[in-house]
1. Looking at (i) 62, 13, 7; (ii) 29, 15, 11; (iii) 22, 15, 10, which value of semi-axes √(5λ) of the Cα gyration tensor in Å comes from a calculation on the structure shown?
2. Mind checking which of ILE13, ILE32, ILE24 has the largest fluctuation in a GNM of the chain, springs on alpha carbons under 10 Å?
3. With axes computed from alpha carbons, what is the tilt in degrees of helix 2-43 against the longest principal axis of the chain, rounded to the nearest 10 within 0 to 90?
4. Roughly speaking, to the nearest percent, how much of the chain's 1.4 Å accessible area is carbon and sulfur?
Amino acid sequence: MESSFFVANAVKIVKELFFLVFEIGLIFTMYIWYQARKINNRFLNFIDLNEHIPLLDHLSQGRVRT
């Protein structure tokens, strides 16, 4: 009787360990993704598009400014 309880609980622990490894892997992936986003944001450079509107208008009309 005791060995059957041990086996049943051992199976539960193994299943929980697999789930725990999966969760740790998921949290690790999310952390890496967060750090990668921080690195990516350091290299982003936003510009004001208002100064480029005339060039964009010329491009959309098919004319090339020389």
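The values are calculated or read from the model by the stated rules, or taken from the named source; none is laboratory data. What you see is a predicted model, and the numbers here were worked out from it, not measured in a lab. Accessible surface areas use protein heavy atoms only, side chains included; no ligands, DNA or RNA. Shrake-Rupley method; radii C 1.70, N 1.55, O 1.52, S 1.80 Å.
1. Among (i) 62, 13, 7; (ii) 29, 15, 11; (iii) 22, 15, 10, the one derived from this structure is (i).
2. ILE13
3. 20 degrees
4. 69 percent
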